[in-house]
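Where a number appears in this text, it was derived from the coordinates with a stated rule and is not lab data. A quick note: this is a predicted structure, and the numbers were derived from the prediction, not measured. Cβ placement follows ideal geometry from the backbone for every residue including glycine, while neighbour counts extend to all protein chains displayed.
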Amino acid sequence: MGPVQLERRRCARFGAYLVSLVQTGPVNHRVPGDNFGHPWRCVRLTVVLDGEVSIKTSGTIEVLGPRAAALAVGWRPIEFTSPGVTVVEVDIAVERTAMRGTFDDSPLTVWGPEAVLPGATASALRELVVRPGVPEVREETVRVVEHLVGAVATCRPETRSTVLLEQVERSRVIQHIAAHHAERDLTPAVIAAHFGVSTRTLHRLFEGEERTVCGWIAHERLRSALARLHDPRYVAVTLEDIAEMCGYGSALALRRAVQAATGSTPSELRSRLAS
């Protein structure tokens, strides 16, 4: 979970899986995408036993209560907030498992409390960790852990909440574009950095949609330009200034965009308004 005022942690390693039973006091900690402090590529499965924790990553927030679970990649920034919680954590060295290469497109997967498998897996792992003394790590025990965790990690839900989460993320991106379309350096890379995701992930969020990220930037700039060209209050404003107000690099870029969309030049639109 990260540094907190009060934390009790008991750990045991089973092959590529580091299992921890963690009890914390109040926590508000941001992990910078450093694979949860490990020197290897890590994915973390968190199952809540008691209490509540909020997980924020890639512009999304999920609140987990008892029996709920989340699977988060360690190479994306992530933030944990909780008034106090008990969880089972499993840090998976993915490159040492058959799951390598399967998490690039899924920064966060969530199971609700109604899902049986994550909770049952956490209960079994907890029993392995809390036994007195150093947990005995035998080959058959490692195989059991591999099967349990592997079953959870590879049976990720495609739920309605995932679809809604994508809709919320798209809406947030579109709102950001609308608010910042006048900035000439607004690009998919800049937007992706703002939301803490890769450019590839940002583009994938709009796959199959009516407009791409670049399409939304162009749409908002054109909408803003046309509104001003049709507004009598902007009659005395030069095309160069309107281009600057709408995020175009020049009056020529403004002219090309307007003409491509309407079949008329900005000057022709203004002439119609005057007549």
GNM on the chain, C-alpha springs below 10 Å: top fluctuator among 144, 110, 31? 144
Cα atoms only, region 162-274: Rg and Dmax in Å? 15.7, 50
Got the relative contact order for the chain handy, in percent, Cα pairs under 8 Å and 6 or more residues apart? 15
Given the chain, longest segment not containing exposed loop GluC sites (Glu not before Pro) (DSSP; at most 14 other Cβ within 10 Å): 1-113
The base-10 log of I(q)/I(0) that the Debye equation returns for the chain at q = 0.09, 0.13, 0.15 Å⁻¹, one scatterer per C-alpha, is -0.55, -0.85, -1.04
I want to verify a result. In a Gaussian network model of the chain, Cα cutoff 10 Å, which of these has the top mean-square fluctuation: 262, 121, 199? 262
For region 162-274 the mean separation of alpha carbon contacts under 8 Å (6+ apart) over residue count, i.e. relative contact order in percent, is 24
Once you put a point 7 Å from the Cα of residue 123 and another 7 Å from the Cα of residue 241, both along the Cβ direction, what distance in nm separates them? 7.1
Candidates 249, 208, 119: whichever shows maximal mean-square fluctuation once the chain is modelled as a Gaussian network with Cα springs under 10 Å: 208
Cα gyration tensor category, rounded, prolate or oblate, for region 7-156 with a/c compared to 1.5: rounded
With a point put 7 Å past each Cα toward its Cβ, work out how far residue 131 is from residue 230 in nm, to one decimal. 7.3
Please tell me the relative contact order of region 7-156 in percent, rounded to the nearest whole number, where contacts are Cα pairs under 8 Å and at least six residues apart. 28
Approximate spin-label separation residue 223-residue 182, in nm, with each point projected 7 Å along Cα-to-Cβ: 1.6
Residues in region 233-247 reached by a label modelled at residue 190 [backbone nitrogen below 20 Å; 7 Å Cα→Cβ]: 240-247
For every helix of n ≥ 4 consecutive DSSP H residues, a contribution of -39,500 (n - 2.57) applies; sum these over the chain, divide by its total residues, and give [θ] at 222 nm rounded to the nearest 500 deg cm²/dmol. -13000 deg cm²/dmol
